[in-house]
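Each remark here refers to the structure printed beneath this line.
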Amino acid sequence: MTKTSNQMWGGRFATGPDAIMEAINASIGFDQRMAAQDIEGSRAHAAMLAATGIITDTDAEAIREGLLTVLSEIETGRFEFSAALEDIHMNVEARLKDLIGEPAGRLHTGRSRNDQVAVDFRLWVRDQVDAAIEGIQALMAALLVQAEAGAAWVMPGFTHLQTAQPVTWGHHMMAYVEMLGRDLSRFQDARERMNESPLGAAALAGTSFPIDREMTAAALGFDRPMANSLDAVADRDFALEFLSNSTICAMHLSRFAEELVIWSSAQFRFVALSDRFSTGSSIMPQKKNPDAAELIRAKIGRILGATVSLFTVMKGLPLTYSKDMQEDKEQVFDAADSLMLALAAMTGMVSDMTANTDSLEAAAAGGFSTATDLADWLVRALNMPFRDAHHVTGTLVAMAESKGCDLPDLSLADMQSVHSEITQDVFSVLTVQASVASRVSYGGTAPTQVLAQVAAWKERLA
């Protein structure tokens with residue numbers, strides 16, 4: 001059974017698509033999310049058409065008022081979307097025609113759905129980039145609060161998830177500030193690159209109408225129009241960059257989420273997550289599960305999947321537009337939702353979490369964490385080559401292990417039995433507090449360095 005022809009296609013088709021074709025062809029089920037951007041682009045286009053004398057001021061005013069009415073209907077839930085009209089562009093234009101009649105048909109002068117969807121999608125992604133930037137900055141601010149408060153709290157630093165050397169809580173928080181700082185710069189850089197307008201490229205070759213692309217670009221907040229009409233309608237690099245940047249950011253969030261899952265466990269007890277971001281068990285009343293962290297940890301699967309999906313869609317497409325590119329949006333919409341939710345949840349968890357400083361310090365003191373400090377002391381105090389110092393320290397670690405104690409618990413006699421020139425002064429470097437305080441190299445874990453980095457990032461974010 002066929003439906004009546006979609007009048008937006010013109011007279012080329014005698015009948016409309018059957019139900020299967022309509023189902024695979026229609027995108028209104030998801031691209032209605034770009035309604036505000038579609039209407040914004042149409043308003044800019046109509047104003048330009050009037051300014052260049054392509055349409056009359058009267059028609060432009062009717063179009064402007066009609067589009068505002070359509071937007072109001074959509075925002076208040078009174079708009080009836082139609083799959084038969086395929087997409088957000090045709091749905092808006094059809095409703096505009098219902099409202100204002102003939103002038104609606106002049107709106108599409110000098111424009112194609114190809115450049116229309118390109119500008120809508122670019123505007124939507126730009127909005128998401130702005131939201132991501134804001135979300136990242138909020139999370140960084142929450143981490144800075146934790147870092148400043150815990151600049152001198154001692155905790156274990158890990159390699160291979162085994163105690164390596166003492167670090168400070170503030171230093172660990174600042175590691176994620178640095179990661180997110182790179183995410184921030186990637187989104188900012190991508191925004192600058194994507195901020196060119198495809199509107200006016202028309203189907204692919206430009207238009208013979210005397211349009212003013214500079215005017216529409218400026219009206220939509222773009223820096224300039226895109227310089228090649230073929231590229232303007234074919235390009236989805238902006239979406240790919242958004243997804244790529246989102247994937248890296250989600251990976252950082254996932255790494256931190258993994259640490260929060262570990263740290264909040266009964267085996268570690270490094271942090272307590274608030275009830276706001278935890279759940280209980282249906283059968284085990286003692287459980288407090290870090291579900292928010294676990295869900296954040298999983299979000300990268302969806303975001304990375306979206307990235308791979310869009311790269312796969314785009315990789316074999318000849319210039320310029322192909323219907324394959326209709327498959328560019330759902331993945332980006334889902335990835336944007338996932339990233340923003342993960343950022344918001346992580347910001348909430350970081351703001352609410354409480355560090356268990358006693359557990360952190362006790363863990364920092366275990367696992368012979370000051371062995372490197374002992375080796376460094378041997379180099380400084382005894383002028384011992386580091387490789388020799390490494391060997392002496394390893395022997396002392398083995399001795400402590402056999403005695404069931406840590407390095408600071410060995411006696412001076414024990415140490416001198418391995419190397420006779422060791423003095424009582426060695427014990428001054430074997431506390432975790434002394435260890436972290438000594439790491440004053442730029443970017444080190446010393447509290448003074450941590451506070452300096454906190455201050456520097458506060459200034460940058462301000």
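The values are calculated or read from the model by the stated rules, or taken from the named source; none is laboratory data. None of these values were measured; they are calculated from a predicted model. Backbone-built Cβ (ideal geometry, glycine too); neighbour counts: all protein chains shown. These area figures cover heavy atoms from the full protein model, side chains too; ligands, DNA and RNA do not enter into them. Shrake-Rupley method; radii C 1.70, N 1.55, O 1.52, S 1.80 Å.
Some notes on this structure:
- Scanning region 334-355 for residues that are under 13 Å from the mean Cα position of the chain (by Cα) and open to solvent by less than 10 Å² (accessible area, probe 1.4 Å) returns 335, 336, 338, 339, 342, 343, 346.
- Long-range neighbours under 6 Å by Cβ, at least six apart or interchain, first residue at pLDDT 80 or above within region 263-290, second of a type in the set (Ser, Thr, Tyr) and surrounded by fewer than 15 Cβ atoms within 10 Å (Cβ to Cβ): 272/354; 289/279
- Applying the criterion of at least 2 residues that are farther than 23 Å from residue 126 by Cα and modelled with pLDDT of 95 or more to the helices (runs of 4 or more DSSP H) found wholly in region 1-73 leaves 35-51.
- Enumeration of residues in region 30-57 that are farther than 14 Å from residue 96 by Cβ, under 25 Å from the mean Cα position of the chain (by Cα) and among the small types (Gly, Ala, Ser): 36
- Residue that is most open to solvent (accessible area, probe 1.4 Å), among those in region 171-230 that are in a helix (DSSP H, G or I) and touching a Pro at 6+ places or on another chain (Cβ under 9 Å): 214
- Residue ID - farthest from residue 119 (Cα to Cα), chosen from residues in region 249-268 that are buried (at least 18 other Cβ atoms within 10 Å of the Cβ) and hydrophobic (A, V, I, L, M, F, W, C): 263
- Taking the criterion of being open to solvent by 30 Å² or more (accessible area, probe 1.4 Å) and under 22 Å from the mean Cα position of the chain (by Cα), the residues of region 104-130 that qualify are 127, 128, 130.
- Condition broken by residue 165, with the remaining ones in (1) in contact with a strand residue (DSSP E or B) (Cβ under 6 Å, 6 or more places away or on another chain); (2) open to solvent by less than 40 Å² (accessible area, probe 1.4 Å) satisfied: (2)
- Whichever residue in region 298-333 is charged (D, E, K, R) and part of a helix (DSSP H, G or I) and, among such residues, is surrounded by the fewest Cβ atoms within 10 Å (Cβ to Cβ): 323
- Of the residues contained in region 414-421, one or more are found to be outside any helix (DSSP H, G or I) and open to solvent by less than 50 Å² (accessible area, probe 1.4 Å).
- Residue 433 fulfils the conditions (1) surrounded by fewer than 13 Cβ atoms within 10 Å (Cβ to Cβ); (2) closer than 30 Å to residue 147 by Cβ except for a single criterion, (1).
- Residue within region 169-181 that is without any contact (Cβ under 8 Å) to a residue 60 or more places away in the chain, within 30 Å of residue 370 (Cα to Cα) and charged (D, E, K, R) present: yes
- Among residues of region 356-370, those that are buried (at least 21 other Cβ atoms within 10 Å of the Cβ) and part of a helix (DSSP H, G or I), counted: 4
- Yes/no for residue 277 being closer than 16 Å to residue 191 by Cα, of a type in the set (Phe, Trp, Tyr) and open to solvent by less than 40 Å² (accessible area, probe 1.4 Å): no
- Only residues that are assigned to a helix (DSSP H, G or I), open to solvent by 40 Å² or more (accessible area, probe 1.4 Å) and not hydrophobic (A, V, I, L, M, F, W, C) were counted in region 74-92, giving 1.
- Selection over region 250-274 of residues that are among the polar types (S, T, N, Q) and in a helix (DSSP H, G or I) gives a count of 1.
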